[in-house]
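Below you'll find the structure, written out as structure tokens, and then a few comments.
Readers should treat all values here as calculations from the given coordinates under stated rules, not as data from a laboratory. Owing to the predicted nature of the structure, the values given are computational and were not obtained by experimental measurement. Don't worry about glycine lacking a Cβ; one is built from the backbone with ideal geometry, like all the others, and counts go over all protein chains shown.
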Amino acid sequence: MPQIGACSKSLVRPNLPKSKVAVVTSSPTYRAWQQLDRVPGGSRLFSLAAMARVPYFASILPHVRRMEPGVAEVSVPKWFFLHNHLGTVHAIASCNAAEAAMGMLMEATVPTTHRWIPKSMTVAYLQKATTSLRATARLDPLDFTQITEGVELVIPVSVVDDNGVEVVHADITCWVTPA
């Protein structure tokens, strides 16, 4: 099965004109972000709505800070219910932050002509997470018209602490197909 991501550029088209990489039709999630991000407190309201739609993420109290085609950032506060037995942020909480960022990225990037689902995640725990976290997912511009069969997209997600130190790195593989 074809795979694209950080190592393979077979479907990545970084030099395409903006019209070729623009989202053909935005997802309802991305349209909601675009409307709410413009108003004071809108990103918090959007984040609450996202937790209502995907209740599992409520455990990490994600705050979507940035969401646009090619990049999404989600912050997660360090609070008691995310602690492990060492008093640091639990490893799986950081995985949830990575998955939330990836989901926001895909909702902003994948046009409604296609659909996506996470398939696997490879995680490296680099350091103890002793502060709040920020997960950033990135994807090079793609020409989705070239995706006519299912492909795997590898989404790299960097999870950093308040000091900007990467404490977790995740590569999340998503399966993308025409809708």
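A run of the chain free of exposed loop cleavage sites, with trypsin sites (Lys or Arg not before Pro) counted only in DSSP states other than H, G, I, E and B and at most 15 other beta carbons within 10 Å, reaches its longest extent at 39-127. Its Kirkwood hydrodynamic radius, worked out from the mean inverse distance over all distinct Cα pairs, puts the range 109-179 at 13.5 Å.
Normalised by the number of residues in the chain, the average gap of Cα pairs under 8 Å and 6 or more apart makes the relative contact order 27 percent. Across the range 53-140, the mean sequence separation of Cα contacts (distance under 8 Å, 6 or more residues apart), normalised by length, yields a relative contact order of 40 percent. From largest to smallest, the equivalent ellipsoid semi-axes obtained for the chain from the alpha-carbon gyration tensor read 28, 19, 13 Å. In percent, rounded to a whole number, the relative contact order of the range 25-102 is 22, using alpha-carbon pairs under 8 Å and six or more apart. On the beta carbon distance between T122 and L45, with R0 = 41 Å, the FRET formula returns roughly 0.80.
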